[in-house]
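Trainee: I have a structure I would like to understand better, so I am pasting it below and will then ask my questions one at a time.
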Amino acid sequence: MLDIASSLTLLVTLAVIAGCGYLIYQSTNKNKAPLEGAALYRAQLTVRLCILVGLGLVSLVPLGLIQSVSNERAELHQQVVKEIGQSWGSQQTLGGPALVIPYQYEKFTETKVDGKVERQRQVFDDEVVILPYKLTLDADLQHQFRTRGIYQSLVYQGDISGEAEFVIDKPDMANLVKWDISHARIVFGVSDNQAIEQVTRFNLANEQQMPTLDSGTQLPNIYGMTTGFQRRIALAPNQYQFTLSYALTLRGSEGLNILPLGDSSHIHIKADWPHPSFKGYLPASRTMTDSAFDATWNISHLTRNYPQVFSANVERGVTEVIANVTLFEPVTHYGKIERSLKYGILFILLTYIMLLIFELGQKSRLSTVQYLLVGCAMCLFYLLLLSLSEHMAFLSAYIAAAAVPLLSIPLYVASASRSKRQGGVMLMMLTALYAVLYSILQLEDYALLMGTGLLVVILLILMYLTRHQAEHT
């Protein structure tokens, strides 16, 4: 769809070309005799066609203006959706759980003082991050719509649960001073803390009561786990293996990202929304119905480049492999309107050509003003569709907006041509056009194919209707 500037530039260019052509025509034919008979008919028909093409190009201006208004409304809608997402909860990224154990190590430096070598000992504090050996995570997402004014945003509430099995290996370091396993902690990364509604379980296998949780992970160098929550645990010196079970409820919008931090990770996500989009590491299996979807990932640690055990003080990202699902609306009403505007000039020109065929068949003439008003009625359809679709279902808005050209144009043509038959034929043609347009707007994968097929069918029909026009000359 051309924008306003492009449309005006095209119109000026065509006007210049037409003016030059007219001057050349006048200069080469000023001494010739006036046209008569068949030559005069062909000249008049050619001029008529040029006028209709010009009117069609002029219609690009109101169509471009409507497109500009539609884009502004769509941008405002996206801004509102973003603001609702920030208030409700943005796209969530979950990473964890992970075990963090503090330790101390020593370093020796040698310096020469008065020819003597002195050895100095320094002790440094660090933390080691141990990722789970086995990780299972189940997410059940329930979609909702949050509204602000006339706009609405798709959001979700998610119930997250699972287990993480840890196997602890004391690092084999010659300079290890202290391995402080009694002050270990378990962290769980959540990208948007304000969207956490509650954590109902974050327990070891032998714990009965819910432990006290602290906000934050204190892992500023581990991208993907910089925010979230944690709990302290006191492990026994000989406790080398344990299992943590967790359950929490959080809010989010757009989608959900899961970091497969386990040596082997099993991730299961389901939602009561029929339109998922999978990015990143694709699921091993998925099932989609008209009202829900279900997807499962089985991810090995071999798919990523970071180890299972690493230092917390070294900058590292753990987001290179992500199991992602995005909840999206396949075609919003703004997208449908933009798509329909792309066919606007085609519909207007087809209507003009049909009116011209009526003229040729009935030996009647419609004025340029009447053609222009017909084009205005067809442009008004798109403005009505844009304004009505913001307040009612798209199908209802489409029917209400299409009623204007479907009723006004056939009645106008019947009155101007004094032929009810022409009005009836125009009504059938417009009904078929708007029915096909609605079908195209509902399609996603086959919209281009159907639109191309429409052009082919219309071309064949026009060629059939005009096959005997040479007999009038």
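The values are calculated or read from the model by the stated rules, or taken from the named source; none is laboratory data. All values reported here derive from a predicted model rather than from experimental measurement. A quick note on method: Cβ atoms are made from the backbone with ideal geometry, for glycine too, and the neighbour counts reach across all protein chains shown. Surface accessibility is based on the protein's heavy atoms, side chains included, excluding ligands, DNA and RNA. Shrake-Rupley method; radii C 1.70, N 1.55, O 1.52, S 1.80 Å.
Trainee: Which condition number in (1) open to solvent by less than 30 Å² (accessible area, probe 1.4 Å); (2) within 30 Å of residue 330 (Cα to Cα) is the one that residue 396 fails?
Mentor: (1)
Trainee: Across the stretch 49-71, what is the total count of residues that are buried (at least 18 other Cβ atoms within 10 Å of the Cβ) and either in contact with a strand residue (DSSP E or B) (Cβ under 9 Å, 6 or more places away or on another chain) or of a type in the set (Ser, Thr, Tyr) (or both)?
Mentor: 2
Trainee: If you scan the stretch 76-132, which residues turn out to be exposed (fewer than 10 other Cβ atoms within 10 Å of the Cβ) and within 30 Å of residue 326 (Cβ to Cβ)?
Mentor: Across the stretch 76-132, there are no qualifying residues.
Trainee: Moving to a separate point now. For the stretch 289-343, which positions are farther than 30 Å from residue 145 by Cβ, open to solvent by 50 Å² or more (accessible area, probe 1.4 Å) and basic (Lys, Arg)? Break it down stepwise before answering.
Mentor: Initially, the stretch 289-343 is screened for residues farther than 30 Å from residue 145 by Cβ, giving 298-318, 320-321.
Applying the additional criterion that residues be open to solvent by 50 Å² or more (accessible area, probe 1.4 Å) yields 298, 301-303, 305, 307, 309, 313-316, 320.
316 - this is the single residue of the stretch 289-343 that is farther than 30 Å from residue 145 by Cβ, open to solvent by 50 Å² or more (accessible area, probe 1.4 Å) and basic (Lys, Arg).
Trainee: Would you pick out the residues in the stretch 154-188 that are β-branched (Val, Ile, Thr), modelled with pLDDT under 90 and open to solvent by 40 Å² or more (accessible area, probe 1.4 Å)?
Mentor: Start the filter on the stretch 154-188 by keeping residues that are β-branched (Val, Ile, Thr), which leaves 155, 160, 167-168, 177, 181, 186-187.
Now restrict to residues that are modelled with pLDDT under 90: 168, 177, 181.
Answer for the stretch 154-188, where residues must be β-branched (Val, Ile, Thr), modelled with pLDDT under 90 and open to solvent by 40 Å² or more (accessible area, probe 1.4 Å): just 177.
Trainee: From the list 407, 386, 356, 411, which one is in contact (Cβ under 8 Å) with a residue 12 or more places away in the chain and open to solvent by 50 Å² or more (accessible area, probe 1.4 Å)? Outline the logic, then answer.
Mentor: Numbers: 407 fails: in contact (Cβ under 8 Å) with a residue 12 or more places away in the chain; 386 fails: open to solvent by 50 Å² or more (accessible area, probe 1.4 Å); 356 fails: open to solvent by 50 Å² or more (accessible area, probe 1.4 Å).
Unique residue meeting the criteria: 411.
Trainee: Select from the stretch 262-281 the residues that are surrounded by fewer than 18 Cβ atoms within 10 Å (Cβ to Cβ) and among the polar types (S, T, N, Q) and write down the one among them that is farthest from residue 325 (Cα to Cα).
Mentor: 264
Trainee: Report those strands (runs of 3 or more DSSP E) wholly inside the stretch 245-348 carrying at least 3 residues which are over 30 Å from residue 380 (Cβ atoms) and in contact (Cβ under 8 Å) with a residue 60 or more places away in the chain. Can you show your working first?
Mentor: Working: elements: 255-259, 264-271, 276-280, 285-288, 293-300, 309-311, 323-327.
Output list reads 255-259, 264-271, 309-311, 323-327.
Trainee: Check off (1) open to solvent by 80 Å² or more (accessible area, probe 1.4 Å); (2) without any contact (Cβ under 8 Å) to a residue 40 or more places away in the chain; (3) within 30 Å of residue 72 (Cβ to Cβ) for residue 148 and give me the number that stays unchecked.
Mentor: (2)
Trainee: Which pairs do you get when a residue that is under 26 Å from residue 180 (Cα atoms), found in the stretch 116-127, comes within reach of a residue that is surrounded by 11 or more Cβ atoms within 10 Å (Cβ to Cβ) and among the aliphatic types (A, V, I, L, M), reach meaning Cβ atoms under 6 angstrom, with the pair 6+ apart or on two chains?
Mentor: From the stretch 116-127, the pairs are 123/177; 127/100; 127/312.
Every residue, every condition in (1) open to solvent by less than 60 Å² (accessible area, probe 1.4 Å); (2) within 28 Å of the chain's Cα centre (by Cα); (3) closer than 21 Å to residue 313 by Cα, yes or no:
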{"residue": "190", "(1), (2), (3)": "yes, yes, yes"}
{"residue": "196", "(1), (2), (3)": "yes, yes, no"}
{"residue": "205", "(1), (2), (3)": "no, no, no"}
{"residue": "211", "(1), (2), (3)": "yes, no, no"}
{"residue": "227", "(1), (2), (3)": "yes, yes, yes"}
{"residue": "230", "(1), (2), (3)": "yes, no, yes"}
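Trainee: What is the number of the single condition among (1) of a type outside the set (D, E, K, R); (2) touching a helix residue (DSSP H, G or I) at 6+ places or on another chain (Cβ under 9 Å); (3) outside any helix (DSSP H, G or I); (4) at pLDDT 50 or above that residue 2 does not meet?
Mentor: (4)
Trainee: Could you identify the single residue in 170, 134, 112 that is free of Cβ contacts under 8 Å to residues at least 24 places away in the same chain and under 30 Å from residue 206 (Cβ atoms)?
Mentor: Values: 134 fails: free of Cβ contacts under 8 Å to residues at least 24 places away in the same chain; 112 fails: under 30 Å from residue 206 (Cβ atoms).
When all the criteria are applied, what remains is 170.
Trainee: Could you list, ordered by first residue, the pairs with Cβ atoms under 7 Å in which the first is in the stretch 416-441 and under 19 Å from residue 455 (Cβ atoms) and the second is of a type in the set (Phe, Trp, Tyr), at least 6 apart or interchain?
Mentor: That search, which allows pairs on different chains as well, returns 433/347; 437/343; 438/398.
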